[in-house]
There are 2 protein chains.
Amino acid sequence: MVTMRHLRYLVALAETRHFGRAAELCHVTQPAMSAQIRELEEMLGIDLVERRRGAIAITSEGEEIVRRAAAVVASVRDIEDLARQRQGVLVGPLALGIIPTVAPYLLPLCLATLRARHPRLEPRLRETRTTSLLAELAAGRIDVAILALPVDRPELETLALFTDRFLLATAADDPDAAAGPADAATIRPERLLLLEDGHCLREQALAHCRLASAANLATLGATSLTTVLQMVAAGYGVTLMPELVARAGFDDPRIVLRPFREPAPAREIALAWRAASPRRKDFQALGRLVTECWKAADGRAAA
Amino acid sequence: MVTMRHLRYLVALAETRHFGRAAELCHVTQPAMSAQIRELEEMLGIDLVERRRGAIAITSEGEEIVRRAAAVVASVRDIEDLARQRQGVLVGPLALGIIPTVAPYLLPLCLATLRARHPRLEPRLRETRTTSLLAELAAGRIDVAILALPVDRPELETLALFTDRFLLATAADDPDAAAGPADAATIRPERLLLLEDGHCLREQALAHCRLASAANLATLGATSLTTVLQMVAAGYGVTLMPELVARAGFDDPRIVLRPFREPAPAREIALAWRAASPRRKDFQALGRLVTECWKAADGRAAA
DNA sequence: TAAAAATACTCCATAGGTATTTTAT
DNA sequence: ATAAAATACCTATGGAGTATTTTTA
């Protein structure tokens, strides 16, 4: 008889491709993992994994079983979530993923309120880029993510939270710093400092400046917005900074933040979750709270 | 941690609405069933069942859990089926439901061939009417059913097997017995003998004779075709008999079987299974075999 | 030869059984 | 009064741990 244990272990093994790490994920020892996988193979009469020295491989027959097993594991987690949800909104564990250009700025705006209003919520935070977040959402490793639209995955549902306009960050001693509203078209590509490849903020900035190619862009990208802003402050160039950073209290005398001419470049920040998740109400409540905190931080925005 | 055991027991309980019978279905004792259900309620923090003297009731919150649990149980059975299927086609257990107006006539045509070609198949037969079959298919209690089209359930897939024309069964000493091809329009309703309400064959016969109402039909319906034919033989009236019965070797000197004028009334016999089932190949193989046996029995058809 | 998986064994948690009590109609 | 579910208690299966061996790149 196939048990949930067999399926959970199999899914973990397929994710890690390593008995030891899969065992760790499931909070058991490696022999326990081996025994269960072996038993499952025995029961099904199929070789599910090819044992090899390096990373093990799931056999082709195994792939289909793994796909179905993952769906079952997710469904059962949904049952547990559904039950928990009945206890009230935003109660119990919530795995929340946030992109790196949002997390450090949005969290200070929201966490205190979240804590105060939902003291029984146990948030588990994960900060990583959009592509990882989407994969982890699908796999059920996280419940909900905060990222920039568009998402374009039919199996995910999204809820727009707020529009985050970009500001042009210029060194205070730059001659242009005193000028009026900025114009994306006038930015000289070789002065534009951006995050490294893979950050959605980089793509958005490029799109808004109508720079299709990164050919003549300034040097190497940075890993964090803070670093980019330090570079701007030191006079190495300019960058597009989300208003969110300003609302989170960013204030550096060496940097001037100038709004763009309308229509200002902007990114749409949203929640995303598996459409099949039973925790819709949780996510909607979370969304309302975030939007509210965003609006409340309006006064703190830079001029 | 929710286990498959919890879910299987819950589904059984929801089906039987009785701890004792649910326990029996799961091959355990009633206290074992009680303990698991109680534990599941504990874990989820939800009252799933209302314990009452007569039939117990699933609570409204419980219904949703039961729905999801049933889906999970079916998915896991699909995984097991998928594995078994890999061993070869038509191997291992197969729960097959057949409507009562087909089973006793089709089985003798097919079983020997099925046995010979697929000796490792372990068929479990269930004979009941269309509505039960459809419910049991959906619940996964049977894997596949043989019934008459149309089915009209989006979650089921069907495969037409053969067209079963109706013959008019008349007593040999009836003055009409010697006449040529029969005409449905000329049948006198008060002479038409049919199965009792609920058999699809009854509805089909009525439809083909364009008798919307059963108002002036002959007496009470019978439970089996054999009984109806006995009544015809005894001169109590006529009936529409599927050609299948003739191909299965029906031959009674007291009864004359007359074909209908074209287009002859007929029923379409088909296989049906849950579209999500991984055993499609099994079912298609079974379908081919049945169709072949049907054709092979052609010679035995009455004139 | 080293990392990784399998094996050997021991232990204990828990599912299930039997006997009985409680509950609800 | 009685059927049905809950409880008490015991047993045993099997899942997990530790220690060790086998495998294979």
In nm, to one decimal, how far is the B:Arg67 label point from the A:Asp197 one, both placed 7 Å along Cα→Cβ? 4.7
Give me P(r) over chain B, computed from all C-alpha to C-alpha distances, binned every 20 Å, as integer percentages. 29, 46, 23, 2
Using a label position 7 Å from Cα in the Cα→Cβ direction, what is the ascending list of nm distances from A:Pro175 to the same site in the other copies? 12.0
Inter-label distance, nm, simple model (7 Å from Cα along the C-beta direction), A:Ala57/A:Arg17: 1.0
Going 7 Å from Cα along the Cα-Cβ axis for the label, what nanometre distances separate B:Arg288 from the same residue across the other copies? 5.9
Placing unit charges on C-beta atoms (Lys and Arg positive, Asp and Glu negative, everything else neutral), compute the dipole magnitude of the stretch A:4-84 about its Cα centre in debye, rounded to 20. 280
For A:Ala135, label point 7 Å along C-beta direction: distances to other copies, nm: 4.7
Ranked B:Ser277, B:Ser224, A:Ser132, criterion: other C-beta atoms within 10 Å, fewest first: B:Ser224, A:Ser132, B:Ser277
For B:Lys281, which aspartates and glutamates qualify as cross-link partners when the Cα separation must be under 12 Å and same-chain residues fewer than eight apart are set aside? B:Asp81
Hey, got the average number of other protein chain Cβ atoms within 10 angstrom for residues in A:134-144? 0
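I need the calculated FRET efficiency for the pair A:Asp183 and A:Lys295, taking r as the beta carbon distance and R₀ as 35 Å, to the nearest 0.05.
It comes out at approximately 0.80.
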Listed residues A:Leu25, A:Leu109, A:Leu149, most fluctuating in chain A (Gaussian network, C-alpha, under 10 Å): A:Leu25
For the stretch A:164-176, Karplus-derived ³J(HN,Hα) couplings (6.51, -1.76, 1.60; θ = phi - 60°; whole Hz; x for glycine and proline) come out as 9, 6, 8, 10, 8, 8, 10, 5, 4, 8, 6, x, 6
Counting each DSSP H run of 4 or more residues in chain B as -39500 (n - 2.57), what helix-only mean residue ellipticity at 222 nm follows after dividing by all residues, to the nearest 500 deg cm²/dmol? -13000 deg cm²/dmol
Would you kindly calculate the translational diffusion coefficient of the stretch B:79-135, applying Stokes-Einstein with the Kirkwood radius from alpha carbon pairs, for 4 °C and a viscosity of 1.567 mPa s, and quote it in µm² s⁻¹ without decimals? 103
Ratio Rg/Rh, restricted to the protein assembly as shown and using Cα atoms, in which Rh is the Kirkwood radius: 1.15
Modelling each spin label as a point 7 Å along the Cα-to-Cβ direction, I'd like the A:Ala276/A:Glu24 distance in nm, to one decimal. 2.9
Principal axis dimensions, the stretch A:4-84 - Cα atoms, whole angstrom, descending: 42, 25, 19
Share, in percent, of DSSP beta bridges within chain A that are antiparallel, nearest 5: 65
Taking only complete DSSP H runs, can you tell me which helices of chain A stretch 15 Å or more along their own long axis by Cα positions and average at least 0.0 on the Kyte-Doolittle scale? A:4-16, A:103-117
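With all distinct Cα pairs included, what does the Kirkwood hydrodynamic radius of the stretch A:52-186 come out to in Å, to one decimal, could you say?
With all distinct Cα pairs of the stretch A:52-186 included, I get 18.7 Å.
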Considering the zone a paramagnetic label at B:Glu190 would reach in this model (a point 7 Å from Cα along the Cα-to-Cβ line), which residues of the stretch B:226-245 have amide N under 20 Å from it? B:231-240
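Just the number, please: percent antiparallel of the DSSP beta bridges in the protein assembly as shown, rounded to the nearest 5.
Antiparallel bridges make up about 65 percent of those DSSP assigns within the protein assembly as shown.
Rule-based calculations on the coordinates, nothing more; no lab input. Everything numeric here is computed off the predicted structure, so don't read it as measured data. In this analysis, Cβ positions are derived from the backbone assuming ideal geometry, glycine residues included, and neighbour counts consider all displayed protein chains.
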